[in-house]
1. Please verify whether the range 399-414 includes one or more residues that are open to solvent by less than 60 Å² (accessible area, probe 1.4 Å), in a strand (DSSP E or B) and closer than 30 Å to Asp76 by Cβ.
2. Residue by residue through the range 312-343, note down the ones that are under 22 Å from Tyr439 (Cβ atoms), open to solvent by 30 Å² or more (accessible area, probe 1.4 Å) and among the hydrophobic types (A, V, I, L, M, F, W, C).
3. When the range 2-41 is examined, which residues are found to be under 35 Å from the mean Cα position of the chain (by Cα), among the β-branched types (Val, Ile, Thr) and surrounded by 15 or more Cβ atoms within 10 Å (Cβ to Cβ)?
4. Can you report the number of residues in the range 136-181 which are part of a strand (DSSP E or B), open to solvent by less than 40 Å² (accessible area, probe 1.4 Å) and farther than 28 Å from Lys437 by Cα?
5. Would you call Thr126 surrounded by 19 or more Cβ atoms within 10 Å (Cβ to Cβ), among the β-branched types (Val, Ile, Thr) and under 22 Å from Val372 (Cα atoms)?
6. Please enumerate the residues belonging to the range 249-272 that are at positive phi and open to solvent by 70 Å² or more (accessible area, probe 1.4 Å).
7. Give Val218, Val252 a once-over and let me know the one that is aliphatic (A, V, I, L, M), part of a strand (DSSP E or B) and out of contact with any Ser or Thr (no Cβ under 7 Å at 6 or more places or on another chain).
8. Please find, among Glu210, Glu246, the residue that is open to solvent by 30 Å² or more (accessible area, probe 1.4 Å), touching a Pro at 6+ places or on another chain (Cβ under 9 Å), modelled with pLDDT of 90 or more and of a type outside the set (Gly, Ala, Ser).
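The values are calculated or read from the model by the stated rules, or taken from the named source; none is laboratory data. It should be emphasised that the depicted structure is a prediction, and the values quoted were computed from it without experimental measurement. Don't worry about glycine lacking a Cβ; one is built from the backbone with ideal geometry, like all the others, and counts go over all protein chains shown. These accessible areas exclude ligands, DNA and RNA; they are computed on the full protein's heavy atoms, side chains included. Shrake-Rupley method; radii C 1.70, N 1.55, O 1.52, S 1.80 Å.
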Amino acid sequence: MDISLKHEDYKVLKANKENSVEECIEAELSLPEYMPEILRIIKTTAKPEITSCKLVGERVTVDGVCEIRIVYTAEDGCIYCFSQTRQFTRHCENPSFTDAIDVNADLDVSYVNCRATGTKRVEIRTGILIKFNVFFAELQDVVSVENDCKIEQKCLSVKGLCLGCKKTRAFSMSDTVTLSVPSAFIVSQDAKAIVSEIRKINNKIMLKGEVIVTVCYVNSDDKALTEHVSHSIPLNQILEIEDLEEHFTGNVFVKVTSLDVLVKSEQNIFATAFDLSLGLEADVTMWDEKEYSVICDAYCIDSAITLEKKPYVFYESLSLLKDVCIFDNSFTVAGEGIESILDTFAEVNNVKTVYSNGELTVSGSLCVSLVVRDATNSLSNINKIFDFTYKYKESLNAKNISCEPRVNVLNVKCLVKNTNTIDVRAELDIAGTILGKIYADAVVGLSLSEKAANTSKMPVTIYFSEVENESLWEIARKYNTTVSAIAEENGLSGDTTENVRILFIPSA
């Protein structure tokens with residue numbers, strides 16, 4: 001006898017983030033004639049940026065550029081900076097990539113080594129770790145029985161999030177900021193995107209927010225001093241996403257993939273403004289919430305039945321994580337004491353999530369880098385790594401969760417508390433989607449055999465339960481009857497034997 005089955009796809013997002021390659025960049029910087037000789041190198045940085053990430057067939061190719069910058073001091077005690085850029089291209093191949101629905105990449109600087117080979121020449125070697133993130137849509141076949149066939153089913157009702165769409169969209173922005181104090185050299189630059197509103201209309205997503213650009217530069221009138229400018233650019237972007245529907249739920253993460261700060265000079269003497277050019281990337285993940293009835297077990301009261309099962313995972317919507325964590329700490333500095341802080345930069349690494357007893361905790365490392373001037377008028381670079389912990393304020397009612405939050409440093413301020421103590425205060429933007437995970441051994445195939453089921457010929461069987469609250473399903477399955485028949489015969493209202501130890505099992 002054939003069993004008529006209805007099939008329904010449950011689409012799950014799977015990520016392959018284990019593909020990574022390291023790009024080694026070597027550069028020899030020669031200072032121009034108009035710049036003074038190097039007395040001491042204070043800081044060397046490598047800032048890699050992605051210009052494109054493309055998937056063609058089974059190959060993912062990343063094109064990028066890396067800016068290498070040195071900050072040094074000369075005999076006059078002033079601050080000087082010089083930078084050059086190097087282009088790079090790397091790829092990763094895998095036959096499974098042909099089935100990917102989306103791809104993007106992350107960049108991390110592994111190391112930066114600097115060696116002065118002369119008073120105006122520097123050799124720099126840096127390693128860039130390129131992480132290829134490849135995404136797939138995995139289909140889970142959810143089946144249900146359409147005809148009766150006297151098949152008893154044990155089902156799990158799931159309000160699952162089926163993947164609606166997953167796309168990465170690149171776009172650009174530009175603006176100009178006028179400087180109150182002219183610039184001689186750029187020491188550091190950074191940009192962060194903050195999304196405040198997400199709206200869905202037809203096949204479009206409308207994003208609103210801001211991009212905050214911060215630049216530290218050397219004062220052109222007094223090169224022993226640095227100035228800071230923080231500029232906000234309104235973010236109003238429309239993204240066209242195919243297969244998007246207005247009832248979808250989800251999140252959009254925007255990151256700055258590139259930042260170019262071009263100097264606008266007045267009569268080629270000093271910089272009066274910066275032209276800002278930014279490349280951004282929107283990571284869109286949208287879900288379609290549907291109700292599923294998953295068969296976990298089944299049997300037939302007339303015939304023997306064979307079940308095919310597969311382990312499935314379903315995701316349910318719990319909450320959107322969007323909060324700002326305030327980090328406060330301090331540290332001591334050995335030496336002559338700090339007179340002033342010229343530049344501050346911070347980034348977050350090693351983000352992890354732990355879920356225990358209904359509480360979600362996000363932790364990671366806050367890496368702070370400072371350029372300081374001490375009491376002897378000497379410049380130096382200080383690096384300090386802090387551990388931070390954030391606890392989600394709401395209790396989560398789920399056994400298992402999935403959450404990969406994005407943590408960005410919105411703002412960091414360092415103040416000299418006394419000559420040897422520095423206070424650090426940072427605002428960390430924490431955003432992510434919290435999903436509950438439901439595991440099930442789902443029945444994906446049922447077939448009946450000609451062999452009759454092992455049924456009792458007795459109209460009623462007396463059963464002695466040896467444990468409390470024994471499952472009626474297990475008893476009914478054993479005696480090829482129904483749960484409702486056992487419950488009705490013994491006056492039970494639930495799915496267990498409750499406190500009843502002697503049961504009457506009717507035949508089906």
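1. Yes: the range 399-414 contains one or more residues that are open to solvent by less than 60 Å² (accessible area, probe 1.4 Å), in a strand (DSSP E or B) and closer than 30 Å to Asp76 by Cβ.
2. Leu318
3. Correct list: Val12, Ile25.
4. The total comes to 6.
5. Here the answer is no, as Thr126 does not meet what is asked.
6. If the condition is that a residue be at positive phi and open to solvent by 70 Å² or more (accessible area, probe 1.4 Å), then Gln267, Asn268 are the ones that fit.
7. Answer to the selection: Val252.
8. Glu210
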